[in-house]
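The values are calculated or read from the model by the stated rules, or taken from the named source; none is laboratory data. Here the structure is a predicted model, which means the values were calculated and not measured. Ideal geometry is used to build each Cβ from the backbone, glycine not excepted, and the neighbour counts take in all protein chains shown. Quick note on the areas: whole protein, heavy atoms, side chains included, nothing else; ligands and nucleic acids left out. Shrake-Rupley method; radii C 1.70, N 1.55, O 1.52, S 1.80 Å.
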Amino acid sequence: MATTKKKIPYTQQFNPDFMKLGASIATLWPEAPVLQRNAKQHDTLGITLSGGGYRSAIFCYGVLRGLHQLGLLDKADYISAVSGGSWIASAYAIADNLEYFFELPGNKANLIEEGFESLLANPARLLEEAALTRMNNNYVSDLYGRLLARTFLREHGDWGRYNALNSSKLIRDKDRPFLILNGTLNFRRPDTFDITQECFEMTRLYCGSRSLGYLDTSDMLADDETIRLRDAIAISGAAVAFHLPGLGEEVSGHGLSREIVNFAKGRTGLSNPPQADRLDVADGGHYNNLGIETLVNRGCGYIIVVDAEHDPENPHGNGRRQKFEGLRTLMRRNNIPQPQFLLDQLDAVDEPVHLVTGNDKVPDILYIKLKSVSEFNKAAARQYYNQPGFLRNMFGHGEFSFDPQFSTAKLDYSFVEHRNLTELGTFIVKENAQLFSDFVGKSS
């Protein structure tokens, strides 16, 4: 006889003591039974995949590939992903065969590269999806989700494109980290014209936010349907969106923004909750582009951060003069001092990996920054696909050229750019294999 999953009742919070670290915090959350596979007694381990559009998705894929090859990926308890990082985290979470998922064949595109090429080189697909998308308040967002699902969730065909986020048959978290996708919730509290923003957390089991509470994912409605996985990655990646105070108590979202039913309306015990019928949600990077706060809320004592934000390099002296905007915003929002020596350390030339030791309130962080690495450039220059073509021989003197900081908005990604970003991520992890192994080993 089939058993029926017991719904998670609405709750204002799972962790009453934000910023307290330790494996005991993880036991307060509904995913605690899933985390038992690693049986952490002292500290859990999380991985964050930042926003950064296509560039982030490809680079984060390379980092995950390196961790997988070192046998470290399945030792993580959580993956918290934002925007472009969410696209690849979702594809990883549903992959049936990880060896195939992480394969990089030398003579053809792999699973991820094929997905990008099929999306970007086929305008007829856009017209087809536009015609099939239902006309409602979420038309643009739903069309965007369809296209993302075609690219990243196609391993499961229509099952991956239409299935609800809460389906246990789609997301495999019994043998890999528990997936958290981050969006940004935009709402107005009664008697104020100001828009409040906070992190909107989406998982297979539950969705919600720290001030408005959490409820079972099956009860989270995106317009009039239960939220699907494709809705979640569209929400997390809806960078092209903006929000304005609307009529009455509404927030008017535009672009790729999405509406969900106000799950906090009518709840007792909340402090000044929004009263509108619907709430606006958009790109997680509008609030939390690194995905770290979500893991702190779950008590992770060790976090591997992959920062692939658009942060161009302007070499000067011993640094790259990168801005680290996501990290600065995180520190500012949580009233953490911004020591210049730390930012200077992270900005060091040719050092993309840095260990930042925390304390009883700040987790230990292994920070991976997307930046140029001269040793990788030397190795990659010998790859057949990096050989200069006719025009580069004439005008570029045939030199190897790779700029990993190209724009988030870039759409015409070539095979060479895909492959170099992937291999750069893998290269960084494997060149620092002992550091990663030691860090992961501390989580126990």
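Confirm whether Asp96 is open to solvent by 60 Å² or more (accessible area, probe 1.4 Å), of a type in the set (Asp, Glu), more than 18 Å from the chain's Cα centre (by Cα) and at pLDDT 85 or above. It is true that Asp96 is open to solvent by 60 Å² or more (accessible area, probe 1.4 Å), of a type in the set (Asp, Glu), more than 18 Å from the chain's Cα centre (by Cα) and at pLDDT 85 or above. Of all the residues in the range 333-369, those that are at pLDDT 85 or above and over 26 Å from Phe427 (Cβ atoms) number 3. Applying the condition of being part of a strand (DSSP E or B), closer than 18 Å to Pro190 by Cα and of a type in the set (A, V, I, L, M, F, W, C) to the range 239-259 and asking which residue is modelled with the highest pLDDT yields Val251. Figure legend. Inter-residue proximity from the range 5-24: first residues within 20 Å of Lys40 (Cβ to Cβ) and assigned to a loop (DSSP other than H, G, I, E, B), second residues among the polar types (S, T, N, Q) and open to solvent by 70 Å² or more (accessible area, probe 1.4 Å), beta-carbon distance below 7 Å, spacing 6+ or different chains. No pairs are indicated. If you go through the range 352-361 and keep only what is among the β-branched types (Val, Ile, Thr) and within 22 Å of Glu309 (Cα to Cα), you end up with Val353, Val356.
Of all residues in the range 211-238, which are over 24 Å from Arg154 (Cβ atoms), part of a strand (DSSP E or B) and open to solvent by less than 20 Å² (accessible area, probe 1.4 Å)? Once the filter is applied, which keeps residues that are over 24 Å from Arg154 (Cβ atoms), part of a strand (DSSP E or B) and open to solvent by less than 20 Å² (accessible area, probe 1.4 Å), the range 211-238 yields Gly213, Tyr214, Leu215, Asp216.
Looking at the structure I just gave you, is Arg267 at pLDDT 95 or above, in a loop (DSSP other than H, G, I, E, B) and either open to solvent by 10 Å² or more (accessible area, probe 1.4 Å) or of a type in the set (Phe, Trp, Tyr) (or both)? So Arg267 does not fit the description; no.
So, in the range 112-129, exactly how many residues are surrounded by fewer than 19 Cβ atoms within 10 Å (Cβ to Cβ) and either within 26 Å of the chain's Cα centre (by Cα) or of a type in the set (S, T, N, Q) (or both)? Even if it seems obvious, please write down each step before you answer.
Of the range 112-129, the ones surrounded by fewer than 19 Cβ atoms within 10 Å (Cβ to Cβ) are 114, 117-129.
This time we only want the ones that are either within 26 Å of the chain's Cα centre (by Cα) or of a type in the set (S, T, N, Q) (or both), so: 114, 117-122, 125-126, 129.
Selection size over the range 112-129: 10.
Residues of the range 297-327 being among the charged types (D, E, K, R), buried (at least 19 other Cβ atoms within 10 Å of the Cβ) and at pLDDT 85 or above, which ones? Walk me through how you get there before you give the answer.
As a first pass, look at the range 297-327 and keep what is among the charged types (D, E, K, R): 298, 307, 309, 311, 313, 320-321, 323, 325.
Within this subset, residues satisfying the condition of being buried (at least 19 other Cβ atoms within 10 Å of the Cβ) are 298, 307, 309, 311, 320.
Residues satisfying the conditions are Arg298, Asp307, Glu309, Asp311.
Any idea which of Lys174, Lys169 is farther than 29 Å from Arg134 by Cα, open to solvent by 10 Å² or more (accessible area, probe 1.4 Å) and not polar (S, T, N, Q)?
Details: Lys169 fails: farther than 29 Å from Arg134 by Cα.
Result of the check over Lys174, Lys169: Lys174.
Scanning the range 344-353 turns up at least one residue that is part of a helix (DSSP H, G or I), of a type outside the set (Phe, Trp, Tyr), open to solvent by less than 10 Å² (accessible area, probe 1.4 Å) and touching a residue at least 12 places away in the same chain (Cβ under 8 Å).
Is it the case, given these coordinates, that Ser257 is among the polar types (S, T, N, Q) and more than 17 Å from Gly145 (Cβ to Cβ)? Lay out the reasoning, then the answer.
Values: among the polar types (S, T, N, Q): yes; more than 17 Å from Gly145 (Cβ to Cβ): no.
No, not satisfied.
None of Ser56, Ser80 is touching a residue at least 60 places away in the same chain (Cβ under 8 Å), buried (at least 19 other Cβ atoms within 10 Å of the Cβ), in a strand (DSSP E or B) and touching a Gly at 6+ places or on another chain (Cβ under 6 Å) except Ser80. Yes or no: the range 348-363 includes at least one residue that is within 19 Å of Asp77 (Cα to Cα) and in contact with a helix residue (DSSP H, G or I) (Cβ under 7 Å, 6 or more places away or on another chain). Yes, the conditions are met somewhere in the range 348-363. Considering only residues in the range 25-39 that are closer than 24 Å to Asn334 by Cβ, in a loop (DSSP other than H, G, I, E, B) and in contact (Cβ under 8 Å) with a residue 12 or more places away in the chain, the one that is most open to solvent (accessible area, probe 1.4 Å) turns out to be Leu28.
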